[in-house]
Each structure stands twice: as C-alpha cells, then as structure tokens.
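Q: Here it is, the structure, as structure tokens.
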Amino acid sequence: MTDVWSTVHAERAALADDLARLTPAQWATRSLCSEWSVHDVLAHLVATAKTTRWRFLRKFVAARFDFHAFTANGVREKRAEDPADTLTSFRAVIGRTSTPPAPLESRLVEAFVHGEDIRRPLGLRREYPVAEVVRAITLQARTDAAFGGGKARVAGVEIRATDADFTLGAGPVVEGPAISLLLAVCGRRDAFAELSGPGLPLVTARG
C-alpha cells in the first residue's frame, strides 16, 4: 500500500509542476477524455483525491447511481473559474490517501491515465515507473467495463510490454510500451499507433 501511495503522490506532484505555466488556451485544450478539457480533468483529479468510501456512496446515491453523472458532478464541484485556483486545490491534495471503494491499484490507473489524458494533447512527456504501470494494466485488464475496466477490450489477446518482462492473456499478441498498453486497455485511441501485433485489430475495433 505504501508503494502505491508514494507513486501516486509523486505523479500528482509531477503533474502539478507540469501544469504550472499553462496559458489560458492550453487549459482549454481538449483532453484525451473527449468530453473534458485539460482543466476539467484536473478538477476530476481533485474530486477523486478527496473522495472517501463514505463520500463516494453518498454522492453516487445523489447522482441516482449514474456513474457518468457522478463524475460530471465532481468536476463541476471542484472546477474553479480560474484554472490557477484549481491547480492550487490540486497541490493541496497531493499527499492525500483517500480512496473510493475500489482496489488500491485503481489509484495508479487514475494517476497514469489521467496524467496522459492531460499531457499528450499539450505535447508534454513523462517517463512513468514501468513496474507500477504494469500493476495498473493487470488491474484494468481483469476488471469489467461496468467497474471502469477494459476486460472485454483485451479478451482473447495476449498483451506484451516491450519495456518490461510482462505478458497477460492468451491469443494473438498486442505489444508496445507499458504506458501505451495501459492507455489502450482504457480505450484511449491515441495509444493505438504505438502498438503492434496481430491482435491489434481486435483491440482497435473495441476501442
């Protein structure tokens, strides 16, 4: 558990530093989450960092058990008018260890995937800790879509990292850098061009 939180805290701090000098136009850039801007994704990260198990249940009930509405409500609640204020709020939650009722590795998924949702459209690059990215892939590849996972997306293929000793699943191979595999498992089409193998058309079709 300590390893997960130390990684999450480091990723939050690095992202905050990357966003410190954004222009208004950059804050408004469309993220890899097609409905959200860079600013919106950061507000989501603030909301989830503050989410305890009890808060999740209370807010989820208030959203009538609609996960899309639940996340949208969190963005509206934590998105300040000035992105600089949202960034200040994000810095304030860097060291938190609150978590919704989900496996702890889901915090790694959150940090890595939303970090790329923000960085890639802005042309920013980061080297992520590969061993922890592999942990995130393992969780997402075994989690149903109903719980935010990508199990169906990679069913019947073997995913193989080219920068780590990691394979998962059985079938035609899809291979590439671990972070690109994680993004693909999470349905981010931006990563498909970084992958190869005979199983890629299957994953792409389900993207």
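Q: Among the residues of segment 61-75, are any crowded, with 20+ Cβ neighbours inside 10 Å, at pLDDT 95 or above, of a type in the set (A, V, I, L, M, F, W, C) and outside the structural domain of Leu195 (by TED's automatic domain parsing)?
A: No, segment 61-75 contains no residue that is crowded, with 20+ Cβ neighbours inside 10 Å, at pLDDT 95 or above, of a type in the set (A, V, I, L, M, F, W, C) and outside the structural domain of Leu195 (by TED's automatic domain parsing).
Q: Return a yes/no flag: does segment 97-105 have any residue that is more than 20 Å from the chain's Cα centre (by Cα), at pLDDT below 95 and among the hydrophobic types (A, V, I, L, M, F, W, C).
A: Looking through segment 97-105, none of the residues is more than 20 Å from the chain's Cα centre (by Cα), at pLDDT below 95 and among the hydrophobic types (A, V, I, L, M, F, W, C).
Q: Condition test on Thr143, is it under 29 Å from Asp18 (Cβ atoms) and either part of a helix (DSSP H, G or I) or without any contact (Cβ under 8 Å) to a residue 60 or more places away in the chain (or both)?
A: yes
Q: Can you pull out the residues in segment 1-46 that are outside any helix (DSSP H, G or I), over 22 Å from Arg189 (Cβ atoms) and of a type in the set (D, E, K, R)?
A: If the condition is that a residue be outside any helix (DSSP H, G or I), over 22 Å from Arg189 (Cβ atoms) and of a type in the set (D, E, K, R), then Arg21 is the only one that fits.
Q: Quick one: in segment 175-191, which of the residues that are over 16 Å from Arg142 (Cβ atoms), in contact with a Leu (Cβ under 7 Å, 6 or more places away or on another chain) and not acidic (Asp, Glu) is surrounded by the fewest Cβ atoms within 10 Å (Cβ to Cβ)?
A: Arg188
Q: For residues in segment 160-207 being in contact with a Pro (Cβ under 8 Å, 6 or more places away or on another chain) and of a type outside the set (A, V, I, L, M), which is nearest to Gly115 (Cα to Cα)?
A: Glu194
Q: Return the residue satisfying two criteria in turn: it lies in segment 177-186 and is part of a helix (DSSP H, G or I) and in contact (Cβ under 8 Å) with a residue 24 or more places away in the chain, and of such residues it is nearest to Val154 (Cα to Cα). Don't jump to the end; show me each part of the working.
A: Our first condition is that a residue be part of a helix (DSSP H, G or I); within segment 177-186, this holds for 178-185.
From what's left, in contact (Cβ under 8 Å) with a residue 24 or more places away in the chain: 178-179, 181-185.
Working: Ala178: 14, Ile179: 15, Leu181: 10, Leu182: 11, Leu183: 12, Ala184: 9, Val185: 7 Å.
Among those that are part of a helix (DSSP H, G or I) and in contact (Cβ under 8 Å) with a residue 24 or more places away in the chain, it is Val185.
Q: I would also like to ask the following. Within segment 146-176, which residues are part of a loop (DSSP other than H, G, I, E, B) and either among the β-branched types (Val, Ile, Thr) or over 16 Å from the mean Cα position of the chain (by Cα) (or both)? Walk me through it before giving the result.
A: From segment 146-176, those part of a loop (DSSP other than H, G, I, E, B) are 148-151, 155-157, 162-166, 170-172; that's our starting set.
Selection gives Ala155, Gly156, Val157, Thr162, Asp163, Ala164, Asp165, Phe166, Ala170, Gly171, Pro172.
Q: Tally time: how many residues in segment 1-49 are in contact (Cβ under 8 Å) with a residue 12 or more places away in the chain and closer than 19 Å to Ala84 by Cβ?
A: 26
Q: Looking at segment 85-109, which of its residues are assigned to a helix (DSSP H, G or I), in contact with a Leu (Cβ under 7 Å, 6 or more places away or on another chain) and not aliphatic (A, V, I, L, M)?
A: Thr86, Phe90, Ser106 - these are the residues of segment 85-109 that are assigned to a helix (DSSP H, G or I), in contact with a Leu (Cβ under 7 Å, 6 or more places away or on another chain) and not aliphatic (A, V, I, L, M).
Q: What tally of residues in segment 76-88 results from selecting those that are of a type in the set (Ser, Thr, Tyr) and crowded, with 16+ Cβ neighbours inside 10 Å?
A: Final tally of qualifying residues: 1.
The values are calculated or read from the model by the stated rules, or taken from the named source; none is laboratory data. For clarity, every value in this text was computed on a predicted model and none was experimentally measured. Positions of Cβ are generated from backbone atoms using ideal geometry, with glycine treated the same way; all protein chains shown enter the neighbour counts.
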